[in-house]
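Q: What follows is a single structure, and I will ask about it in a moment.
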Amino acid sequence: MPKLYELLENVLITIEKRINDNIDTTSLAEQFALSQGHLRRLFSFTFKQSIASYIRSRRLAASLNDLFKAELNILDIAIEYGFEYEQSYIRAFKHEFGMTPGELRRSGRIVKVKPPLHLIDENKAS
C-alpha cells in the first residue's frame, strides 16, 4: 500500500506545483506511467471526486489572487489558468463560488475555497 499512497501524494503535489501549467489527466497519467482510466479510478475511489473537477477547483482557487488585480482582465486570467475561453472560466467560476468573477471583483466579498487534498499517513498520525 505505501506505493499507492506515494503515487497519490505525488499526484496531488504535482497538481499544486503545476496549477498554472496546462496540466490535465493525460499529462498526469503519462508522468506517472498510468493509463488515464486507471488514474481517474484511483483518484475517484480515494478522494470521492473526479480528478478533472479537483484540478478545475484548484485552478479557480488559484485564480482568485489575480482576479483582484485591477490591471488584469478576466480573459487573461482565464487563459493563465488553463481555460480556453472566457465563458468557460466564468461558468466554472459561478458553479464553484456562486457568482461570476466580475461580481466577485465588484463586491469584494469573501468566498469559501476548498483546500488542497492531502493523504493522511496513519503511521505518522499515531
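The values are calculated or read from the model by the stated rules, or taken from the named source; none is laboratory data. Since the structure is predicted, the reported quantities are computational estimates derived from the model, not experimental observations. Cβ atoms come from the backbone with ideal geometry, glycine included; neighbour counts cover every protein chain shown.
Q: Sort out which residues of the range 22-52 are modelled with pLDDT of 95 or more, hydroxyl-bearing (S, T, Y) and assigned to a helix (DSSP H, G or I), and write them in order of number.
A: Matches in the range 22-52: S44 only.
Q: In this structure, is F83 in a helix (DSSP H, G or I) and within 15 Å of the chain's Cα centre (by Cα)?
A: no
Q: To continue, here is another question. Which condition number does I77 fail, the rest of (1) farther than 18 Å from P116 by Cβ; (2) β-branched (V, I, T); (3) loosely packed, with under 15 Cβ neighbours inside 10 Å being met?
A: Evaluating I77 over (1) farther than 18 Å from P116 by Cβ; (2) β-branched (V, I, T); (3) loosely packed, with under 15 Cβ neighbours inside 10 Å leaves (3) as the failure.
Q: Keeping to the range 1-20, report how many residues are part of a loop (DSSP other than H, G, I, E, B) and in contact (Cβ under 8 Å) with a residue 12 or more places away in the chain.
A: 2
Q: Of everything in the range 95-104, what is part of a helix (DSSP H, G or I) and surrounded by fewer than 15 Cβ atoms within 10 Å (Cβ to Cβ)? Give them in sequence order.
A: H95, G102, E103, listed by residue number.
Q: For the condition over 30 Å from I110 (Cβ atoms) and either touching a helix residue (DSSP H, G or I) at 6+ places or on another chain (Cβ under 7 Å) or surrounded by fewer than 19 Cβ atoms within 10 Å (Cβ to Cβ) (or both), what is the one hit in Q36, Q87?
A: Sole residue among the options that is over 30 Å from I110 (Cβ atoms) and either touching a helix residue (DSSP H, G or I) at 6+ places or on another chain (Cβ under 7 Å) or surrounded by fewer than 19 Cβ atoms within 10 Å (Cβ to Cβ) (or both): Q36.
Q: Same structure again: Looking only at the range 71-88, which residues are without any contact (Cβ under 8 Å) to a residue 24 or more places away in the chain and closer than 19 Å to A52 by Cβ?
A: If the condition is that a residue be without any contact (Cβ under 8 Å) to a residue 24 or more places away in the chain and closer than 19 Å to A52 by Cβ, then A78, I79, E84, Y85, Q87, S88 are the ones that fit.
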